[in-house]
Amino acid sequence: DTAVSQTPKYLVTQMGNDKSIKCEQNLGHDTMYWYKQDSKKFLKIMFSYNNKELIINETVPNRFSPKSPDKAHLNLHINSLELGDSAVYFCASSLGGAVTSGGYEQFFGPGTRLTVL
Amino acid sequence: KNEVEQSPQNLTAQEGEFITINCSYSVGISALHWLQQHPGGGIVSLFMLSSGKKKHGRLIATINIQEKHSSLHITASHPRDSAVYICAVRPGGSEKLVFGKGTKLTVNP
């Protein structure tokens, strides 16, 4: 029933580890996003895929690598985790991208709280 | 200076009061979004607008493109409206959203 789901909801790990966060949407949307929300609750775009093609790649460390096996899934893999990676990561999806469509409402997943010790 | 500025940062109201949250932005945009983040952390899209005014229940969003300004109004506020309200803009020709820092609203019974 869930529109945009993320796993896991909580992730606690040691510095230097590699971890993945998974996102799935069952809305039939073409575009998916990863956002990072820092400790001050400020949201920032990280990546966006449209039909499995990367369309937004903000200035994030290359330790972060998104992967979209199909348009319903967008996973985020993080290598060599650092303390500063601790944040809440939100996945979102929309029916289309902005440039071609003028923009669509975005639907957000519940978030994954990552804590790096 | 952030491209998207919201005011106030924090707002406390009594149940039943009329609430206004403001959003100003500095770039040309193709759309503006209002989002609500519940105390539990979930984010819900309230409105997406590029001109004029939209209404949904007790919520009203307006935008003035010439003045680069939007407002979110809540009529007859209720404690369940307590949340962080986030304004986000989509710069013209861009795929991405740029977010404001949010307005934390607390409505007391």
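Nothing in this text is a laboratory measurement; each read-out follows from the coordinates by a stated rule. Small disclaimer: the values here were computed from a predicted structure and weren't measured. Glycine gets a Cβ as well: all are built from the backbone with ideal geometry, and neighbour counts include every protein chain shown.
Two-decimal Rg/Rh of the stretch A:37-117 from alpha-carbon positions, Kirkwood Rh?
0.96
Averaged over peptide B:82-94, how many Cβ atoms belonging to another chain are found within 10 Å of each residue's Cβ?
2
Please compute the length gained on full extension between A:LEU95 and A:THR13, using 0.36 nm multiplied by the number of residues separating them and subtracting their Cα-Cα distance.
The A:LEU95-A:THR13 span can extend by a further 26.1 nm.
Determine the shielding of peptide A:106-116 by partner chains: average, over its residues, the number of Cβ atoms on other chains within 10 angstrom of each Cβ.
3
Sorted by packing (mean other beta-carbon atoms within 10 Å per residue), highest first, where do B:81-87, B:9-15, B:61-67 land?
So the order, starting with the most tightly packed, is B:81-87, B:61-67, B:9-15.
If the limit is 20 Å between Cα atoms, which of B:LYS55/B:LYS96; A:LYS36/B:LYS54; A:LYS67/B:LYS101; A:LYS19/A:LYS40; A:LYS22/B:LYS104; A:LYS19/A:LYS67 go over it?
Beyond 20 Å: B:LYS55/B:LYS96; A:LYS36/B:LYS54; A:LYS67/B:LYS101; A:LYS19/A:LYS40; A:LYS22/B:LYS104.
Can you give the % of DSSP beta bridges in the protein assembly as shown that are antiparallel, to the nearest 5?
90 percent
B:ILE29's amide H: which non-local residues (gap 5+, or another chain) put their own amide H closer than 5 Å, with H modeled 1.01 Å from N in plane and none for Pro or chain starts?
For B:ILE29, whose amide H was placed from the backbone, the distant partners under 5 Å are B:GLY92.
Mind checking Rg over Rh on the stretch B:55-109, alpha carbons, Kirkwood formula for Rh?
Dividing the radius of gyration by the Kirkwood radius yields 1.03.
At 222 nm, what value in deg cm²/dmol follows for the protein assembly as shown if DSSP H runs of at least 4 each add -39500 (n - 2.57) and the sum is divided by all its residues, to the nearest 500?
0 deg cm²/dmol
Which percent, nearest 5, of DSSP beta bridges in the stretch A:1-115 are antiparallel?
Bridges in the stretch A:1-115 are about 90 percent antiparallel.
Give me the one-decimal nm value for the distance between modelled label points at A:ASP70 and A:LEU27, 7 Å along each residue's Cα-to-Cβ direction.
Using points 7 Å along Cα→Cβ, the separation is 1.9 nm.
Please turn the phi angles of the stretch A:42-53 into ³J(HN,Hα) values with the Karplus equation 6.51 cos²θ - 1.76 cosθ + 1.60 (θ = phi - 60°), one per residue in order, whole Hz, x for glycine and proline.
Each residue's phi maps through the Karplus curve to give 8, 8, 9, 5, 10, 9, 8, 10, 10, 6, 6, 9 Hz.
Using modelled amide H (1.01 Å from N, peptide plane; none on Pro or chain starts), what sits under 5 Å from the amide H of B:LEU46, excluding residues fewer than 5 places away?
Answer set, sorted by chain and number: B:TRP34, B:LEU35, B:GLN36.
Under the rule of at least 5 residues apart or a separate chain, name every residue whose amide H is placed under 5 Å from the amide H of A:MET46.
For A:MET46, whose amide H was placed from the backbone, the distant partners under 5 Å are A:TRP34, A:TYR35, A:LYS36.
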